[in-house]
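Let me begin by presenting the structure, written as structure tokens, before commenting on it.
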Amino acid sequence: MAALSAWFWNERFWLPHNVTWADLADPAPGVEYPKAGHLLSALPLALGIFAVRIFFERYIAGPCASILQIQMELSRRAQPNAVLEKVFTSITKSPDSKHLEGLSKQLDWDVRKVQRWFRHRRNQDKPSTRTKFCESMYGFKFFYYFFYFASLWMWDTRQCWYNYPYQVLTSGLYYYYITELAFYWSLMFSQFTDIKRKDFLIMFVHHLATVSLISFSYVNNMLRVGSLVMCIHDSSDFLLEAAKLANYARYQRLCDFLFVVFSMIFFGTRLIIFPFWILNTTLFESWEIILFNFLLLVLQVLHMLWSYLIARIAFKAIMRGKVSKDDRSDIESSSEEETETTPKERLKTASSRGENGSNGHFGSKTWSQNHNNW
């Protein structure tokens, strides 16, 4: 165990040449450097953030949803059937035509009826618009911005390395780092209770890489470049959450506008500033940092993947005239179900919702009927 600890904390891995942990352990009076033990305070704070989120969604976001007339939808439940339930839970949730025909013969049901049962069963656990609104409102409200720190080193990234690693830990940077670390730990906790999405594994890798980056940059006192990474990395997220809120409240034009602004900032920060500022300074202006650069490159790959998904949504929005669907969604669109209803049923549904089906707001269709959080 001692050998493993010695290998993990080897100065050659964490610090520049000719610098040891002893050099940072005894700073001058009034000067403080980051210590690994500081990071432990983020764990209880993360649990506190998780508890605050539960309170916020129930007692603040919920009433706001009621004011905007966002109600809990009553989803159509699948007819109880032991045979189909067994197939659904143990074999497949989306049977192909061969399975559908076999089940149709076994139950003496029409193939379309079997297909409809599986669609209703898949949508049984579909989160309501109200639930998604509360989740997005929390993400919008609980956001951190410290552009003051970033502005000091953004335009001259070489400032990140002046007098490194003997850069003083300020109280502002300390609280910023611990709060950001706690926030991303809370995201890792909540990912297992949030709406399940197709990119669950991708998001888990993203959160894990982010937590590792924050921890690594704090322990070896790379706070300046670390704060740059976090500010650039988080700069567009609140616009996405705001677009979702507008979407759930059925303010379609506002949703479209916010999505356009979000896309422009996302592409600019993730595909231009991040690689040409951040990666450039860590790869070419600093000492060799293998792990840190590897984690940054992992983030950049994820940025490129998400940029592709956003571009797909933007392309579809141009073709349809509005943002209409999140491509990462796991939930089937209700419009698919409506194609199976009779004209009489559709007329009855439309009249019960109002003339334009938008709770009195403009716009007729949400941009993520099958919403999934980015």
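The values are calculated or read from the model by the stated rules, or taken from the named source; none is laboratory data. Everything numeric here is computed off the predicted structure, so don't read it as measured data. Positions of Cβ are backbone-derived with ideal geometry, glycine not excepted, and every protein chain shown enters the neighbour counts. Surface accessibility is based on the protein's heavy atoms, side chains included, excluding ligands, DNA and RNA. Shrake-Rupley method; radii C 1.70, N 1.55, O 1.52, S 1.80 Å.
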**OP:** May I ask you to give the percent of accessible area on segment 82-125 that is carbon plus sulfur, with a probe radius of 1.4 Å?
**Re:** 47 percent
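Label segment 1-128 by shape, choosing from rounded, prolate and oblate, from the square roots a ≥ b ≥ c of the eigenvalues of the Cα gyration tensor; if a/c is under 1.5 it is rounded, and otherwise prolate applies when a/b is larger than b/c, oblate when it is not. Don't skip to the answer; put the middle values down first.
Working: a/c = 5.37, a/b = 2.14, b/c = 2.51.
It is oblate, given that a/c is not under 1.5 and a/b is not larger than b/c.
Quick one: if the Förster radius is 30 Å, what FRET efficiency do W21 and D156 give, using the C-beta to C-beta distance and rounding to 0.05? It would help to have the intermediate numbers written out before the result.
On the way: r = 29 Å, r/R0 = 0.97.
Efficiency, rounded to the nearest 0.05: 0.55.
Return the loop-located chymotrypsin sites (Phe, Trp or Tyr not before Pro) in segment 177-252 (DSSP other than H, G, I, E, B) with at most 10 other Cβ atoms within 10 Å of their own Cβ; answer none if there are none. Working shown, then result.
Values: sites: Y177, F183, Y184, W185, F189, F192, F200, F204, F216, Y218, F238, Y248, Y251; in loops: F192, Y251.
Passing both the DSSP loop test and the Cβ count: F192.
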Original post:
Tell me, what is the FRET efficiency for K35 and N280 to the nearest 0.05, using R0 = 30 angstrom and their Cβ-Cβ distance as r?
Top reply: 0.55
Subject >> Nonlocal amide H pairs with R197, under 5 Å, H built at 1.01 Å >> reply: none
Original post:
Roughly how many nanometres apart are two label points built 7 Å out from the Cα toward the Cβ at Q69 and H99?
Top reply: 4.1 nm
Original post:
So how much slack lies between V301 and L107, counting 0.36 nm per residue of separation and subtracting their Cα-Cα distance, in nm?
Top reply: 65.1 nm
**OP:** Could you grab the Rg to Rh ratio for segment 82-125? Cα atoms only, Kirkwood for Rh.
**Re:** 0.92
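As a quick test, which of the pairs K86/K198; K86/K113; K93/K132; K126/K196 have an alpha carbon distance above 19 angstrom in this structure? Could you put the intermediate results ahead of the total?
Details: K86/K198 23 Å; K86/K113 17 Å; K93/K132 23 Å; K126/K196 10 Å.
Pairs exceeding 19 Å: K86/K198; K93/K132.
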